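Below is one structure, written out as structure tokens; the observations come after it.
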Amino acid sequence: MLNRMTRSLPAGLAAAMLAAAPAAAHFQEILPSADMLPEGGEVELDMVFTHPFEGGPAMDMAPPAAAGMVFHGETTDLTGALEPLPGRGAEAYRLRQRLDEPGAAVFYVEPAPYWEPAEGKFIIHYSKVVVDAFGSGEGWDAMAGLPVEIMPLSQPTSLWAGNVFSGVVMRDGAPVPFAEIEVEFVNDQGIAAPNDLYITQVIKADANGTFTYAMPVAGWWGFAALVEADAPMVSPEGEEVPVELGALIWVNAKAVE
């Protein structure tokens with residue numbers, strides 16, 4: 001949005017505004033073709049690194065470090081099954097997987113570190129989503145064992161618009177007190193934000209790492225808990241820089257009809 005505003009300004013003033021403004025929130029999407037497969041079958045999961053509420057722009061994703069699923073207590077490495085996803089304006093990926101038995105599968109992706117020069121840091125957002133086969137209602141709270149991860153307290157595949165979603169921010173298996181969580185909506189409905197603060201809403205977990213958010217409209221919602229990695233990485237310029245770790249979970253709220 002800021003880029004559109006600065007197009008008509010003098011170059012020096014536009015540059016100053018961009019330097020002073022907060023960077024738009026990045027979200028690693030892993031969105032399935034359906035979060036419920038009533039009769040099982042194949043699900044497609046699209047992995048795009050983007051700004052969901054604004055519909056882009058998408059950023060180039062290097063080949064992910066890992067992708068997989070947790071199903072019936074077993075973890076399956078699906079990294080080799082990733083396919084390029086064209087038509088997104090940037091490098092992105094798709095995963096196809098069949099679910100022929102009842103149960104909820106937890107799909108996840110560990111993207112390669114993304115260098116963000118505007119913020120002077122690398123970004124690694126560990127993202128996951130739950131897909132239920134045959135309406136089982138079983139296994140939705142399974143953890144993928146990611147370094148940072150959100151443990152759902154609400155069943156992700158049975159949420160109405162207006163319901164609350166609750167989760168616990170975990171790091172190395174322990175809750176993160178007062179973690180900051182960014183929330184964005186995949187805005188394919190053309191909803192206008194009153195101002196920029198509504199694009200990426202920010203909430204905080206409590207002392208036990210637990211957070212709750214009420215989703216006002218139907219659609220996909222992303223929750224990104226952000227923490228700083230213990231160790232820095234080396235930037236393309238050869239300097240040590242911080243690393244932002246994100247624990248993301250995507251849930252779909254259904255309209256009440």
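Every read-out reported here was derived from the displayed coordinates using simple, explicitly stated rules and does not represent laboratory data. Since the structure is predicted, the reported quantities are computational estimates derived from the model, not experimental observations. We place every Cβ from the backbone using ideal geometry, glycine too, and count neighbours over all the protein chains shown.
Helix 11-20 and the longest principal axis of the Cα set of the chain meet at an angle near 50°.
Label-to-label distance, A81 versus E101, with points set 7 angstrom from Cα along the beta-carbon direction: 1.4 nm. Residues considered: P57, P175, P117. Largest GNM mean-square fluctuation over the chain, using C-alpha springs under 10 Å, is found at P117.
Cross-link partners of K254 among aspartates and glutamates, defined as those whose alpha carbon lies under 13 angstrom from its own and excluding same-chain residues fewer than eight positions apart: D35.
Summarising the amide proton neighbourhood of M36: residues at separation of 5 or more, or on other chains, whose placed amide H is nearer than 5 Å comprise D132. Among A205, A105, A118, the largest mean-square fluctuation in a Gaussian network model of the chain, built with springs joining Cα atoms closer than 10 Å, belongs to A118.
Hey, with R₀ at 25 Å, roughly what FRET efficiency would D188 and A214 work out to, going by the Cβ-Cβ distance, to 0.05?
Values: r = 20 Å, r/R0 = 0.81.
Efficiency computed from Cβ-Cβ geometry: 0.80.
With the chain treated as a Gaussian network of Cα nodes joined by springs under 10 Å, which of R98, R171, R88 yields the largest mean-square fluctuation? Residue with maximal mean-square fluctuation among R98, R171, R88: R98. In sequence order, what are the phi-derived ³J(HN,Hα) couplings for segment 107-117 according to the Karplus relation 6.51 cos²θ - 1.76 cosθ + 1.60 with θ = phi - 60°, rounded to whole Hz, with x for glycine and proline? Values per residue, Gly and Pro as x: 8, 9, 9, 10, x, 5, x, 10, 7, 10, x Hz. Sorted into 10 angstrom bins from 0, the C-alpha pair distances of the chain split as 7, 30, 38, 20, 5, 1, 0 percent.
With both labels modelled 7 Å from their Cα along Cα-to-Cβ, the K204 to S33 distance reads 4.3 nm.
The H on the amide N of E110, modeled in the peptide plane, is under 5 Å from the matching H of A65, A66, A67, each at least 5 residues off or on a different chain.
The stretch between D196 and D230 holds 9.2 nm of extra length on full extension. This uses 0.36 nm per residue minus the Cα-Cα distance.
Computed from the C-beta positions of A90 and A161 and an R0 of 35 Å, the FRET efficiency is 0.75 to the nearest 0.05.
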